[in-house]
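The values are calculated or read from the model by the stated rules, or taken from the named source; none is laboratory data. Just so you know, these numbers come straight off a predicted model, no measurement behind them. A quick note on method: Cβ atoms are made from the backbone with ideal geometry, for glycine too, and the neighbour counts reach across all protein chains shown. The area values use the complete protein model at the heavy-atom level, side chains included, leaving out ligands, DNA and RNA. Shrake-Rupley method; radii C 1.70, N 1.55, O 1.52, S 1.80 Å.
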Amino acid sequence: MIQISNYTFGYEGSGKLALDNINVQINRGEFVGVIGASGAGKSTLMMSINGIVPHYYPGDFYGSVSVAGLDTVDSSCVALSRHVGTVLQDPEAQIVTSFVEDEIAFSLENFNVPSEEIDKRVTEALELSGISKLRKKSTAQLSGGQKQRVAVASAIALRPEILVLDEPTSELDPLGSQLIFETLSLLNREYEMTIVIVEQKIMLLSQFCSRMITLANGQIVTDLPTAETLKQSGRLIEMGINCPRVVSLARELEKEGLYEGGYPRTVLQAEKMVRGIVEK
Ligand code: ADP
Ligand code: MG
(Lines give C-alpha, C1' and ligand atoms only; values in the text may rest on other atoms or scores of the structure.)
(Ligands and ions follow the chains in the order given, each with its own letter.)
Protein backbone atom coordinates (compact mmCIF):
# COMPACT_ATOMS: atom_id res chain seq x y z
CA MET A 1 0.00 0.00 0.00
CA ILE A 2 2.83 2.38 0.87
CA GLN A 3 6.29 2.07 -0.61
CA ILE A 4 8.89 4.61 0.45
CA SER A 5 12.29 4.14 -1.12
CA ASN A 6 15.52 6.03 -0.42
CA TYR A 7 13.41 9.01 0.47
CA THR A 8 15.06 12.20 1.68
CA PHE A 9 13.32 15.53 2.18
CA GLY A 10 14.41 18.99 3.33
CA TYR A 11 11.96 21.89 3.65
CA GLU A 12 12.76 24.75 1.30
CA GLY A 13 15.14 27.22 2.89
CA SER A 14 15.56 25.22 6.10
CA GLY A 15 19.09 24.18 5.25
CA LYS A 16 18.66 20.74 6.81
CA LEU A 17 16.98 17.43 6.20
CA ALA A 18 13.63 16.66 7.84
CA LEU A 19 13.77 13.06 6.59
CA ASP A 20 16.97 11.28 5.72
CA ASN A 21 17.01 8.17 3.54
CA ILE A 22 13.76 6.56 4.61
CA ASN A 23 12.90 3.06 3.42
CA VAL A 24 9.56 1.62 4.46
CA GLN A 25 7.03 -0.75 3.03
CA ILE A 26 3.57 -0.96 4.57
CA ASN A 27 1.16 -3.64 3.40
CA ARG A 28 -2.62 -3.59 3.18
CA GLY A 29 -4.32 -4.01 6.53
CA GLU A 30 -1.32 -3.12 8.69
CA PHE A 31 -1.76 -0.97 11.80
CA VAL A 32 1.51 0.89 12.22
CA GLY A 33 2.50 3.25 15.00
CA VAL A 34 5.10 5.97 14.45
CA ILE A 35 6.96 7.31 17.47
CA GLY A 36 9.87 9.66 18.07
CA ALA A 37 10.85 12.79 19.95
CA SER A 38 9.68 16.23 18.89
CA GLY A 39 11.29 17.28 15.62
CA ALA A 40 12.15 13.69 14.66
CA GLY A 41 10.26 13.97 11.36
CA LYS A 42 6.99 12.19 12.23
CA SER A 43 4.69 14.86 10.80
CA THR A 44 6.83 15.23 7.70
CA LEU A 45 6.55 11.48 7.13
CA MET A 46 2.75 11.58 7.51
CA MET A 47 2.48 14.56 5.16
CA SER A 48 4.64 12.74 2.64
CA ILE A 49 2.17 9.86 2.48
CA ASN A 50 -0.79 12.09 1.58
CA GLY A 51 1.22 14.34 -0.75
CA ILE A 52 1.00 17.53 1.34
CA VAL A 53 4.78 17.22 1.15
CA PRO A 54 5.92 18.27 -1.45
CA HIS A 55 2.74 19.76 -2.97
CA TYR A 56 2.04 22.29 -0.18
CA TYR A 57 5.45 22.28 1.46
CA PRO A 58 8.03 22.33 -1.30
CA GLY A 59 11.63 21.42 -0.74
CA ASP A 60 14.43 19.11 -1.78
CA PHE A 61 12.88 15.75 -2.51
CA TYR A 62 14.95 12.67 -3.34
CA GLY A 63 13.88 9.06 -3.77
CA SER A 64 10.26 8.02 -4.15
CA VAL A 65 7.03 7.72 -2.22
CA SER A 66 4.34 5.57 -3.76
CA VAL A 67 0.89 5.20 -2.21
CA ALA A 68 -1.80 2.84 -3.51
CA GLY A 69 0.27 2.61 -6.66
CA LEU A 70 0.45 6.40 -7.15
CA ASP A 71 3.70 8.32 -7.09
CA THR A 72 3.07 11.23 -4.71
CA VAL A 73 5.09 13.71 -6.78
CA ASP A 74 3.27 12.92 -10.03
CA SER A 75 -0.20 12.70 -8.43
CA SER A 76 -2.25 15.60 -7.10
CA CYS A 77 -3.33 15.74 -3.46
CA VAL A 78 -6.94 15.33 -4.64
CA ALA A 79 -6.08 12.12 -6.51
CA LEU A 80 -4.20 10.85 -3.45
CA SER A 81 -7.04 11.77 -1.11
CA ARG A 82 -9.23 9.18 -2.82
CA HIS A 83 -6.99 6.57 -1.27
CA VAL A 84 -5.57 8.29 1.81
CA GLY A 85 -7.60 9.85 4.60
CA THR A 86 -5.72 12.31 6.77
CA VAL A 87 -5.92 13.70 10.26
CA LEU A 88 -3.36 16.48 10.61
CA GLN A 89 -1.58 17.32 13.84
CA ASP A 90 -3.39 20.67 13.91
CA PRO A 91 -7.13 19.93 13.43
CA GLU A 92 -7.77 23.66 13.18
CA ALA A 93 -5.95 23.72 9.84
CA GLN A 94 -8.27 21.05 8.51
CA ILE A 95 -11.73 22.41 9.31
CA VAL A 96 -13.22 24.24 6.33
CA THR A 97 -16.96 24.54 7.00
CA SER A 98 -19.10 26.17 9.72
CA PHE A 99 -21.08 23.17 11.00
CA VAL A 100 -19.98 19.74 12.14
CA GLU A 101 -22.28 17.75 9.84
CA ASP A 102 -21.30 19.86 6.82
CA GLU A 103 -17.67 19.35 7.67
CA ILE A 104 -18.03 15.58 7.57
CA ALA A 105 -20.20 15.67 4.44
CA PHE A 106 -17.85 18.08 2.66
CA SER A 107 -15.39 15.64 1.17
CA LEU A 108 -18.13 13.09 0.48
CA GLU A 109 -19.89 15.72 -1.64
CA ASN A 110 -16.66 16.50 -3.43
CA PHE A 111 -16.30 12.84 -4.27
CA ASN A 112 -19.88 12.73 -5.61
CA VAL A 113 -21.19 10.26 -3.07
CA PRO A 114 -25.03 10.10 -3.54
CA SER A 115 -26.88 12.27 -1.00
CA GLU A 116 -28.78 9.42 0.79
CA GLU A 117 -25.46 7.67 1.20
CA ILE A 118 -23.88 10.89 2.54
CA ASP A 119 -26.43 11.10 5.34
CA LYS A 120 -25.80 7.48 6.31
CA ARG A 121 -22.05 7.91 6.29
CA VAL A 122 -22.17 11.14 8.30
CA THR A 123 -24.32 9.44 10.97
CA GLU A 124 -22.01 6.45 11.08
CA ALA A 125 -18.81 8.53 11.23
CA LEU A 126 -20.25 10.65 14.06
CA GLU A 127 -21.21 7.54 16.00
CA LEU A 128 -17.86 5.86 15.48
CA SER A 129 -16.07 8.98 16.69
CA GLY A 130 -18.38 9.35 19.69
CA ILE A 131 -19.65 12.81 18.70
CA SER A 132 -23.25 12.23 17.53
CA LYS A 133 -24.30 14.99 19.91
CA LEU A 134 -22.12 17.53 18.10
CA ARG A 135 -23.82 17.03 14.74
CA LYS A 136 -25.58 20.40 14.59
CA LYS A 137 -22.88 22.37 16.42
CA SER A 138 -20.92 25.19 14.91
CA THR A 139 -17.31 24.20 14.26
CA ALA A 140 -16.09 27.52 15.67
CA GLN A 141 -17.45 26.61 19.12
CA LEU A 142 -15.67 23.29 19.44
CA SER A 143 -12.90 22.58 21.92
CA GLY A 144 -9.55 21.30 20.68
CA GLY A 145 -10.46 17.71 21.52
CA GLN A 146 -13.83 18.01 19.78
CA LYS A 147 -12.10 19.38 16.68
CA GLN A 148 -9.81 16.38 16.72
CA ARG A 149 -12.79 14.06 16.82
CA VAL A 150 -14.47 15.92 13.96
CA ALA A 151 -11.26 15.57 11.93
CA VAL A 152 -11.25 11.83 12.63
CA ALA A 153 -14.94 11.55 11.70
CA SER A 154 -14.34 13.44 8.43
CA ALA A 155 -11.45 11.17 7.52
CA ILE A 156 -13.22 7.90 8.26
CA ALA A 157 -16.46 8.94 6.52
CA LEU A 158 -14.61 8.58 3.22
CA ARG A 159 -13.66 4.99 4.12
CA PRO A 160 -10.23 5.39 2.59
CA GLU A 161 -7.97 2.40 2.00
CA ILE A 162 -5.29 4.14 4.02
CA LEU A 163 -5.66 6.41 7.03
CA VAL A 164 -2.78 8.55 8.29
CA LEU A 165 -3.24 10.26 11.62
CA ASP A 166 -0.83 12.67 13.28
CA GLU A 167 -1.30 12.74 17.06
CA PRO A 168 -5.11 12.60 16.77
CA THR A 169 -5.64 12.19 20.52
CA SER A 170 -3.27 14.88 21.83
CA GLU A 171 -6.14 16.95 23.23
CA LEU A 172 -8.36 14.08 24.33
CA ASP A 173 -8.74 12.57 27.79
CA PRO A 174 -7.84 8.88 28.31
CA LEU A 175 -11.39 7.68 27.64
CA GLY A 176 -11.72 9.77 24.47
CA SER A 177 -8.32 8.56 23.27
CA GLN A 178 -9.23 4.94 23.91
CA LEU A 179 -12.44 5.36 21.93
CA ILE A 180 -10.58 6.73 18.91
CA PHE A 181 -8.21 3.78 18.99
CA GLU A 182 -11.06 1.30 19.30
CA THR A 183 -12.72 2.89 16.28
CA LEU A 184 -9.49 2.68 14.28
CA SER A 185 -9.07 -0.93 15.33
CA LEU A 186 -12.61 -1.72 14.16
CA LEU A 187 -11.99 -0.08 10.76
CA ASN A 188 -8.71 -1.94 10.49
CA ARG A 189 -10.37 -5.29 11.15
CA GLU A 190 -13.67 -4.77 9.30
CA TYR A 191 -12.43 -3.00 6.18
CA GLU A 192 -8.76 -4.00 6.22
CA MET A 193 -8.04 -0.28 6.39
CA THR A 194 -4.31 0.38 6.50
CA ILE A 195 -3.53 2.67 9.41
CA VAL A 196 -0.43 4.73 10.09
CA ILE A 197 -0.60 6.77 13.26
CA VAL A 198 1.72 9.09 15.16
CA GLU A 199 0.97 8.86 18.86
CA GLN A 200 2.75 10.02 22.03
CA LYS A 201 0.83 7.70 24.35
CA ILE A 202 2.90 4.65 23.69
CA MET A 203 1.07 2.40 26.11
CA LEU A 204 -2.23 3.06 24.38
CA LEU A 205 -0.64 2.78 20.95
CA SER A 206 1.05 -0.52 21.78
CA GLN A 207 -2.29 -2.11 22.61
CA PHE A 208 -3.50 -1.55 19.06
CA CYS A 209 -0.65 -1.44 16.56
CA SER A 210 1.23 -4.52 15.46
CA ARG A 211 4.32 -2.68 14.26
CA MET A 212 6.16 0.43 15.41
CA ILE A 213 8.48 2.69 13.51
CA THR A 214 10.79 4.83 15.61
CA LEU A 215 12.19 8.01 14.11
CA ALA A 216 15.10 10.10 15.36
CA ASN A 217 16.69 13.02 13.52
CA GLY A 218 14.82 12.20 10.34
CA GLN A 219 15.96 8.60 10.24
CA ILE A 220 14.30 5.31 11.05
CA VAL A 221 16.06 3.81 14.05
CA THR A 222 13.80 0.84 14.56
CA ASP A 223 11.00 -0.71 12.54
CA LEU A 224 9.85 -3.75 14.49
CA PRO A 225 6.82 -5.65 15.77
CA THR A 226 5.36 -3.81 18.78
CA ALA A 227 6.57 -6.34 21.36
CA GLU A 228 10.15 -6.05 20.05
CA THR A 229 9.99 -2.25 20.13
CA LEU A 230 8.88 -2.26 23.76
CA LYS A 231 11.82 -4.48 24.66
CA GLN A 232 14.08 -1.67 23.49
CA SER A 233 12.56 0.74 25.97
CA GLY A 234 16.00 1.73 27.26
CA ARG A 235 16.82 3.06 23.81
CA LEU A 236 13.45 4.77 23.57
CA ILE A 237 14.12 6.65 26.80
CA GLU A 238 17.53 7.74 25.46
CA MET A 239 15.76 9.14 22.42
CA GLY A 240 13.43 11.20 24.59
CA ILE A 241 10.41 8.95 24.09
CA ASN A 242 8.31 8.22 27.11
CA CYS A 243 8.15 4.54 27.74
CA PRO A 244 5.00 3.05 29.32
CA ARG A 245 5.48 2.66 33.07
CA VAL A 246 4.30 -0.95 32.96
CA VAL A 247 7.13 -1.70 30.54
CA SER A 248 9.71 0.06 32.75
CA LEU A 249 8.46 -2.02 35.66
CA ALA A 250 8.84 -5.27 33.69
CA ARG A 251 12.36 -4.24 32.65
CA GLU A 252 13.37 -3.55 36.24
CA LEU A 253 11.97 -6.90 37.38
CA GLU A 254 13.75 -8.60 34.49
CA LYS A 255 17.06 -6.94 35.46
CA GLU A 256 16.62 -8.24 39.00
CA GLY A 257 16.10 -11.73 37.61
CA LEU A 258 12.55 -11.82 38.92
CA TYR A 259 10.72 -11.90 35.62
CA GLU A 260 11.12 -13.25 32.13
CA GLY A 261 8.54 -13.23 29.41
CA GLY A 262 6.58 -10.75 27.35
CA TYR A 263 6.21 -7.14 28.49
CA PRO A 264 2.79 -6.08 29.71
CA ARG A 265 0.92 -3.44 27.74
CA THR A 266 -1.88 -2.74 30.17
CA VAL A 267 -2.15 -2.23 33.91
CA LEU A 268 -4.15 -5.47 34.12
CA GLN A 269 -1.37 -7.42 32.42
CA ALA A 270 1.16 -5.77 34.75
CA GLU A 271 -0.92 -6.83 37.72
CA LYS A 272 -0.91 -10.40 36.45
CA MET A 273 2.87 -10.23 36.03
CA VAL A 274 3.39 -8.96 39.58
CA ARG A 275 0.98 -11.53 41.03
CA GLY A 276 2.88 -14.26 39.20
CA ILE A 277 6.10 -13.15 40.89
CA VAL A 278 4.60 -12.69 44.34
CA GLU A 279 2.86 -16.04 44.26
CA LYS A 280 5.99 -17.92 43.17
P1 ADP B 1 7.83 15.85 14.45
O2 ADP B 1 6.45 15.74 13.88
O3 ADP B 1 8.46 14.53 14.72
O4 ADP B 1 7.87 16.73 15.64
P5 ADP B 1 8.41 17.37 12.04
O6 ADP B 1 8.20 16.46 10.90
O7 ADP B 1 7.36 18.37 12.33
O8 ADP B 1 8.77 16.52 13.35
O9 ADP B 1 9.75 18.16 11.81
C10 ADP B 1 10.95 17.56 11.34
C11 ADP B 1 11.98 18.64 11.08
O12 ADP B 1 11.54 19.49 10.01
C13 ADP B 1 12.22 19.57 12.27
O14 ADP B 1 13.59 19.88 12.30
C15 ADP B 1 11.37 20.77 11.95
O16 ADP B 1 11.94 21.93 12.53
C17 ADP B 1 11.46 20.83 10.44
N18 ADP B 1 10.23 21.42 9.86
C19 ADP B 1 8.97 21.01 10.05
N20 ADP B 1 8.08 21.74 9.35
C21 ADP B 1 8.82 22.67 8.70
C22 ADP B 1 8.50 23.73 7.80
N23 ADP B 1 7.26 23.98 7.42
N24 ADP B 1 9.54 24.47 7.31
C25 ADP B 1 10.83 24.22 7.68
N26 ADP B 1 11.18 23.23 8.51
C27 ADP B 1 10.21 22.46 9.02
MG1 MG C 1 4.62 16.41 14.56
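Details
- Scanning the range 200-219 for residues that are in contact (Cβ under 8 Å) with a residue 40 or more places away in the chain, open to solvent by 10 Å² or more (accessible area, probe 1.4 Å) and touching a helix residue (DSSP H, G or I) at 6+ places or on another chain (Cβ under 9 Å) turns up Met203, Gln207, Phe208, Ser210, Arg211.
- Top-ranked residue of the range 74-101 - restricted to ones that are open to solvent by less than 70 Å² (accessible area, probe 1.4 Å) and assigned to a loop (DSSP other than H, G, I, E, B), ranked as nearest to Ser14 (Cα to Cα): Leu88
- Top-ranked residue of the range 63-73 - restricted to ones that are in a loop (DSSP other than H, G, I, E, B) and open to solvent by 40 Å² or more (accessible area, probe 1.4 Å), ranked as nearest to ligand 1 (Cβ to nearest atom): Val73
- Restricting attention to the range 27-62, the residues that are under 25 Å from Glu192 (Cβ atoms) and open to solvent by 40 Å² or more (accessible area, probe 1.4 Å) total 2.
- Residues of the range 122-131 satisfying the condition of being surrounded by 19 or more Cβ atoms within 10 Å (Cβ to Cβ) and assigned to a helix (DSSP H, G or I): Val122, Ala125, Leu126, Leu128
- Note on the range 25-58: among residues that are out of contact with any helix residue (DSSP H, G or I) (no Cβ under 7 Å at 6 or more places or on another chain) and within 21 Å of Arg235 (Cα to Cα), the one that is farthest from ligand 1 (Cβ to nearest atom) is Val32.
- The range 14-24, subset near ligand 1 (Cβ under 7 Å from one of its atoms) and surrounded by fewer than 17 Cβ atoms within 10 Å (Cβ to Cβ), residue farthest from Leu215 (Cα to Cα): Ser14
- Residue, surrounded by the fewest Cβ atoms within 10 Å (Cβ to Cβ), within the range 171-197, restricted to residues that are of a type in the set (Gly, Ala, Ser) and under 26 Å from Lys136 (Cβ atoms): Gly176
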